[in-house]
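Input: a single structure, listed below in structure tokens.
The values are calculated or read from the model by the stated rules, or taken from the named source; none is laboratory data. The structure presented is a predicted model; accordingly, all values stated were derived computationally and were not measured. Positions of Cβ are backbone-derived with ideal geometry, glycine not excepted, and every protein chain shown enters the neighbour counts.
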Amino acid sequence: MANELAAKAKEAFVDDDYDVAVDLYSKAIDLDPNCARFLADRVQANTKLQNFTAEAVGDANKAIELDPLLTKAYLRKGTACMKLEEYRTAKTALEKGASVAPSESKFNKLIDEMNDSSLSVVIDVPGEEAYHIQPRLFGKVVPEKCRYEVLSTKIEIRLAKAEIITWASLEHGKGPAVLPNPNVPSGVSMRPAYPSSKKAKDWDNLEAEVKKQEKDEKLEGDAACNKCFREMYLNADEDMRRAVSKSFVESNGTVLSTNWKEVEAKTIESHPPDGMELKKWEI
């Protein structure tokens, strides 16, 4: 009787009637609760219904306990755990299944897929429960080229993509991937184009002209001086900028130095121009 119910359940599964399949497998299991094959088959039906937790994984664990050599139980547990984003558990189940059935290529294929498209991070926090995150990534990565760095306030992880695509998000299934336009060389500006009866303007060329005009503009007096200092500051390296800021602030605007080694270890005194006197105002 139990085998007949399981056969009908299999027919329902083939017809994509997964609710009926789960119900029939459940009746077969009630008649023969120690049949690992029935439990493993119910895992597959529950997986199709997105019932991954207690139903699918629980059945898979029990099937493995009853028959440790039932390879499809390991495969279906691994699949269900992948859907739950429990990749460490999934990988353990698949590796065990691969050891039981070395000739089954499905196990190694799924393991390789997880290695290339999943991230597992475990952070031990003293006195607290370990922080654990293991998302399935949006796309595949090259594990040997990925890097991580532990900093004082964060952990920085750099992932090397296996494919030249733009990820819509970090995690899998959150938007479509965007392929690069093969007809547009890198570095070319892509500005939005709008329908118009007017002649199209070359905005890149216009921007370049404005910058050239600003550069060639002839200024006099304070304006010319300010422009000179601004360009000097913008083109300076970090040490030069620090020297300029420190000397100008500490000297009350009377000294401007670009030598950081010279001003780093001392306080810059004020030096008013000839004929002028420095005064401190009490507020």
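Please go through the range 225-283 and pick out each residue that is at pLDDT 80 or above, among the charged types (D, E, K, R) and assigned to a loop (DSSP other than H, G, I, E, B).
Asp237, Glu264, Lys266, Glu269, listed by residue number.
Could you run through the range 257-270 and say how many residues are within 16 Å of Leu234 (Cα to Cα) and touching a Ser or Thr at 6+ places or on another chain (Cβ under 6 Å)?
1
Kindly indicate whether Ala12 is under 42 Å from the mean Cα position of the chain (by Cα), part of a helix (DSSP H, G or I) and under 18 Å from Thr79 (Cβ atoms).
No, not satisfied.
For Ala54, only one of the following conditions fails: (1) touching a helix residue (DSSP H, G or I) at 6+ places or on another chain (Cβ under 9 Å); (2) modelled with pLDDT under 85. What is its number?
The one condition Ala54 does not meet is (1).
Counting residues that are farther than 19 Å from Lys109 by Cβ, which helices (runs of 4 or more DSSP H) fully inside the range 24-98 reach at least 2?
36-48, 58-66
Kindly provide the set of residues from the range 143-167 that are among the polar types (S, T, N, Q) and in contact with a strand residue (DSSP E or B) (Cβ under 9 Å, 6 or more places away or on another chain), ordered by number.
Thr166
For residues that are over 12 Å from the mean Cα position of the chain (by Cα), surrounded by 14 or more Cβ atoms within 10 Å (Cβ to Cβ) and of a type in the set (A, V, I, L, M, F, W, C), scanning just the range 109-153, find the one that is modelled with the lowest pLDDT.
Only one residue fits best here, namely Met114.
For the range 254-270: of the residues being loosely packed, with under 11 Cβ neighbours inside 10 Å and not β-branched (Val, Ile, Thr), which is nearest to Glu231 (Cα to Cα)?
My answer is Lys261.
Out of all the residues in the range 90-104, is one or more assigned by TED's automatic domain parsing to the domain that holds Ala28, surrounded by fewer than 20 Cβ atoms within 10 Å (Cβ to Cβ), hydroxyl-bearing (Ser, Thr, Tyr) and farther than 23 Å from His172 by Cα?
Checking the range 90-104: at least one residue is assigned by TED's automatic domain parsing to the domain that holds Ala28, surrounded by fewer than 20 Cβ atoms within 10 Å (Cβ to Cβ), hydroxyl-bearing (Ser, Thr, Tyr) and farther than 23 Å from His172 by Cα.
β-branched (Val, Ile, Thr) and more than 18 Å from the chain's Cα centre (by Cα): is that true of Thr71 in this structure? Step through it out loud before you land on a result.
Working: β-branched (Val, Ile, Thr): yes; more than 18 Å from the chain's Cα centre (by Cα): yes.
Yes.
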